[in-house]
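Just so you know, all these numbers are worked out from the coordinates, no wet-lab data involved. These numbers were taken from a predicted model, which means no experiment stands behind them. Every residue, glycine among them, receives a Cβ derived from its backbone with ideal geometry; neighbour counts consider all protein chains shown.
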Amino acid sequence: MWRETVSRIIKSEMSARGVKYQDLSDRLKTLGIQQSADNLRNKINKGILGADLFVQILLCLESQALDMVRVKGITEDVKKNAPNK
């Protein structure tokens, strides 16, 4: 559930700014972070990335704030749509 939430947050921020994975890779390079577009795609799609990369991505996307109401909504949606285990 948490990985899917992380994935959706980043994808939402990318979509809102029209940023593709190659664009994100290029932006991260300006911070000295080497991540290929394919590597970013895999990490973001799986929601498996460290807190440091999560913050670096948000900085590169020029996110103004992490809207906790939106995060809660995404989390609730993920829970609702998760297969029962």
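Tabulated data
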read-out: Per-residue ³J(HN,Hα) for region 9-18, Karplus 6.51 cos²θ - 1.76 cosθ + 1.60, θ = phi - 60°, Hz, x for Gly and Pro; value: 4, 5, 4, 5, 5, 5, 4, 4, 10, x
read-out: Table column - 3J(HN,Hα) (Hz), region 56-64, Karplus curve with 6.51, -1.76, 1.60, x for Gly and Pro; value: 4, 5, 4, 5, 5, 7, 6, 5, 7
read-out: Three-way shape label, region 1-50, alpha-carbon gyration tensor, a/c 1.5; value: oblate
read-out: Using alpha-carbon coordinates, inclination of helix 68-81 to the longest axis of the chain, degrees; value: 60 degrees
read-out: Dipole magnitude of the chain about its Cα centre (Cβ charges: Lys, Arg +1; Asp, Glu -1), debye to nearest 20; value: 320 debye
read-out: Lysines with Cα under 25 Å of LYS79, excluding same-chain neighbours fewer than 8 positions away; value: LYS11, LYS43, LYS46
read-out: All-pairs alpha carbon distance profile, the chain, 5 Å steps from 0, percent; value: 3, 15, 26, 26, 16, 9, 4, 1, 0
read-out: Using θ = phi - 60° and Karplus 6.51 cos²θ - 1.76 cosθ + 1.60, couplings along region 40-52 (whole Hz; Gly, Pro as x); value: 4, 4, 5, 5, 5, 4, 8, x, 10, 7, x, 4, 4
